[in-house]
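Working notes, beginning with the structure itself.
Derivation of every value follows stated rules applied to the coordinates shown; laboratory data play no part. Please read all numbers here as calculations on a predicted model, not as lab measurements. Cβ sites come from the backbone with ideal geometry, for glycine too, and all protein chains shown count toward neighbours.
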Amino acid sequence: MSHTTHDKAKLLARVRRIRGQVEALERALEAEKGCAEVLHQIAAVRGAIQGLMVEVMEGHIREHVAGAGSRSAAARSQGADALIDVLRTYLK
């Protein structure tokens, strides 16, 4: 079972909170709130997204890279390659 399946409820709850933050950002823009308030909203959304990324990444590392007992060296290498690809995209 994938770690995202195992943690599905927790991850979905985080995504729903992020959706609420994005909706609050949209409302702030529609209401023509000040730039400082909008920037705070953007920072909150960014932090929430980064927190979600870290949580999923940690699960991936634990299950697909560091899980030496249950995975072959080739499978762990494949998990590391997948993580490297994601990090390259994320850090662009």
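Of note:
- Straight-distance crosslink candidates among aspartates and glutamates, where the alpha carbon sits under 13 Å from K10 and sequence neighbours closer than 8 are dropped: E55
- Cβ-based charge dipole, segment 4-92, positive-most Cα from G67, L91, G47: G67
- Count Lys and Arg as plus one, Asp and Glu as minus one, and take only other residues whose Cβ is under 15 Å from that of R16; the net charge is then +2.
- Computed from backbone phi with θ = phi - 60° and the Karplus coefficients 6.51, -1.76 and 1.60, the 3J(HN,Hα) list for segment 19-25 is 4, x, 5, 5, 5, 5, 4 Hz; x is used for glycine and proline.
- Spread of Cα-to-Cα distances over 5 Å intervals beginning at zero, given as percent, for the chain: 3, 13, 17, 17, 15, 12, 9, 6, 4, 2, 1
- Each Lys and Arg contributes +1 and each Asp and Glu -1, all at the Cβ; summed about the Cα centre of the chain, the dipole is approximately 220 debye.
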